Each structure stands twice: as C-alpha cells, then as structure tokens.
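The values are calculated or read from the model by the stated rules, or taken from the named source; none is laboratory data. Note that the structure is predicted; figures quoted are calculated from it, not measured. Backbone-built Cβ (ideal geometry, glycine too); neighbour counts: all protein chains shown.
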Amino acid sequence: MTRELLRLEEEPCVSYSDVEIHDTLCHNVTAFMNYMENFYKIWQREDDLVELPQKQLFEVPYAEGDFRIMPCLIHGDYRIKSVKIIGTNEENRTVHDKISVGKSFLIHPYDNYIHAMFDACVLSSFRTAAISVLAYKTVVSDTTNPTALTGTGRIGFYTALILHRYLDVQDFFCYDPNLQNRQNFEKLASLYLPDAQVHFLPLEKLGENANSLFVATNSHHAIFDKTSAEAFAFVSSVGADADNLSELDSSILANRTVVTDSRQSVMLGDLKRWQEKGLLSEANLVELKEIIGEENIRNKEPFLFISTGIAVQDALTAQFICNTTKHTKGETTCSALSMP
C-alpha cells in the first residue's frame, strides 16, 4: 500500500560481476575490438559525438590512493550515458590484491535511472589493454611480430589475449619482477592462448627479441628511457595513471610521435610531469581518433602511446557487454538502446 501511495516504481537494473565481465569480453575479443575501432572512426568524422568532461580526482591526507568520477555522454545513434566511480585500493585493508575497485554505471538514455551496473576492475583493465592494442594496430605496419610485455598483471594478460586473438601475435617476451604475476600469467596464457609462446626474460633482453613494447605496471620510478627503449619502434605505456606512478623517463620523447587516447591524459603521471617541465604540450600530442584508419601515419615511427584512461572507453565497454548479454540478462533492462 505504501509503495502505491508514494508511487515508488521499481528501477530495473542488471548487475555484472568481474567474472561475468571477464567471460563476456574474453569470448568476444574480435567483435569488441571491431566495435571499438568502428566507434573511433565515427568519432573522427563527428567530433561532437562525445561529451567528455574532465575526470574528477579526489584524495585524502589520511589514506593512500584516490577515487575518481568519470562521466561521459555519447550522442548520435549510440545514446549512451555513463559514469564510473573507481578507486585505487593502495591500502588493501578490506579488498586484497585488487588495485582497482568501484563501479561503472549505464544510465537510461531517456529516464535517467541506472539500468546497468558493472564491477570496475576487469572492465577498466580490459578496456585499457584494448585501447593500447588499437593504437598499435593503427600505427604499426606488421602487427603479427613478436611483442614485449613489461608487467604481466591483469592489463598485461588482457593485452596479450587481445594481441593474440585479434592480431594473431604468437610470441610474447615478458618481464615482471613479481613472481606471483609471472605464475598467474603463465597459467592464464595456458588457458586462454595455449597456442602462443610465452618467454620470461631479463628486462634488458626484451629489445633483442621484439620491436614493440607494452608497459603496464604500478611502478613509482621510470623503467625505460631513450637508450633502453631504442630497439622498440612502438612503445605503449598505460600504468602511470596517477601522480605517484611513472614508467618512462622523459628522454624517451626524443624523435618519437606521441599518441594518446585523449589530451586529458596530460593531467596525470608521466605526461603531467613532462608538461610541467615544458618538455611536452597538448599541441604536441596526437589523439588516436585523429589518426584512426589513416595509412600514412605509419611513416611517422617510432611511436609512443600513453593512456591514462578516459570515460569513453568505459561507456563503450559497458554498452558492448550489455548488448552482448541482453538475451541472458534481460533485454528490457539491459538493452536501453541497441548498438549502431
């Protein structure tokens, strides 16, 4: 009776766990990557397709880490409203061994209630790996060559998975000082890319075996500089997404075309430090959507790709998951609007 009198209509919402997100994306790697690439090509032609407010970052003096609010609107036929609230779980007091915690939400395009909710850890890791691989595909001529991975945690694993299933990379030369990461990576590789060859090598040996490098770590100090990265025509760095993290020394900028997923990336990490020192400006950055599908961009190597993550990728990943699972999760609540 009270519900009726107060007119408290239920707000239908579906929820996705990290495991469900992992399974959905791992079973649909090529479809997801094609969806992401197609979106970037449309975004290149229609600059007003996306409203991307700057992410808001909050820190407190009594605890390590931060939490971020990342909203996004995608217009046109997509009609996606999305926001992610994600935290860096550096203290590990309650949730252990999981650096990214939080939720991502899809908001109904018309009625503005939350119609889908996602654990943020796997979603964030997979979309980070995906955008890195998409940049690689955009600027590198032969994407089947052996590649090097520094950092073999969640993002490193998803990077290898996408490279293998989407671009047919067969050989991975890896470095990670963390024994648990190495063991987990080898077990995951045996399950998800059993045909690939995985080799763990000392850091200085990576450049002898591969000409492309993917770095995804939680390092507080630069791992590569101009000299140690010289052998790599393509370098991707996605781990330095906070001011206390660093993967690359500024000397690596020499003679490299710098590509990013968004100029907003200069607000964090290595890019922020380089900008503050006057070594790099937003005008020097090339956004991925500006060069997607352009063959002549490959003449401008060597490349450096840096991403600190943007809400567009969260929104697209969430919508893809929703539409891919709508027959099992419920078409009415999950699929507010089908993908173009």
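Things to note:
- Residue within segment 113-127 that is assigned to a loop (DSSP other than H, G, I, E, B) and either among the charged types (D, E, K, R) or in the same structural domain as residue 262 (by TED's automatic domain parsing) (or both) present: no
- Residue match in segment 142-161 (condition: surrounded by fewer than 24 Cβ atoms within 10 Å (Cβ to Cβ), closer than 24 Å to residue 312 by Cβ, in contact with a Leu (Cβ under 9 Å, 6 or more places away or on another chain) and at pLDDT below 95): yes
- With respect to the conditions (1) in contact with a strand residue (DSSP E or B) (Cβ under 9 Å, 6 or more places away or on another chain); (2) at pLDDT 95 or above, residue 33 lacks only one, and its number is (1).
- Residue 128 falls short on exactly one of the conditions (1) among the polar types (S, T, N, Q); (2) more than 15 Å from the chain's Cα centre (by Cα); (3) within 22 Å of residue 288 (Cβ to Cβ), and that condition is (2).
- Assessment of segment 101-120 against the conditions (of a type in the set (Asp, Glu) and under 19 Å from residue 245 (Cβ atoms)) yields no matching residue.
- Of all residues in segment 1-53, those that are part of a helix (DSSP H, G or I), of a type in the set (A, V, I, L, M) and under 20 Å from residue 328 (Cβ atoms) total 5.
- Consider segment 65-103 and keep the residues that are in a strand (DSSP E or B) and among the small types (Gly, Ala, Ser). The one that is nearest to the chain's Cα centre (by Cα) is 100.
- Between 210, 240, 231, the distinction of being assigned by TED's automatic domain parsing to the domain that holds residue 300, free of Cβ contacts under 8 Å to residues at least 40 places away in the same chain, small (Gly, Ala, Ser) and in a loop (DSSP other than H, G, I, E, B) belongs to 231 only.
- In segment 249-261 there is at least one residue that is without any contact (Cβ under 8 Å) to a residue 40 or more places away in the chain, in contact with a Phe, Trp or Tyr (Cβ under 9 Å, 6 or more places away or on another chain) and of a type in the set (Asp, Glu).
- Boolean, residue 168 is surrounded by fewer than 21 Cβ atoms within 10 Å (Cβ to Cβ), on the phi > 0 side of the Ramachandran plot and of a type in the set (Asp, Glu): yes
- Being more than 25 Å from residue 100 (Cβ to Cβ) and of a type in the set (Val, Ile, Thr) is not true of residue 198.
- Filter result (of a type outside the set (A, V, I, L, M, F, W, C) and farther than 18 Å from residue 229 by Cα) within segment 127-142: 127, 128, 137, 138, 141, 142
- Scanning segment 243-252 for residues that are of a type outside the set (Gly, Ala, Ser) and either surrounded by 18 or more Cβ atoms within 10 Å (Cβ to Cβ) or outside the structural domain of residue 287 (by TED's automatic domain parsing) (or both) yields 245, 247, 248, 249, 252.
For every residue, the table says whether it meets (1) among the polar types (S, T, N, Q); (2) in contact with a helix residue (DSSP H, G or I) (Cβ under 9 Å, 6 or more places away or on another chain); (3) farther than 24 Å from residue 251 by Cβ.
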{"residue": "172", "(1), (2), (3)": "no, yes, yes"}
{"residue": "187", "(1), (2), (3)": "no, no, yes"}
{"residue": "205", "(1), (2), (3)": "no, no, no"}
{"residue": "221", "(1), (2), (3)": "no, no, no"}
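- Hey, residue 199 at pLDDT 95 or above and surrounded by fewer than 20 Cβ atoms within 10 Å (Cβ to Cβ) or not: yes
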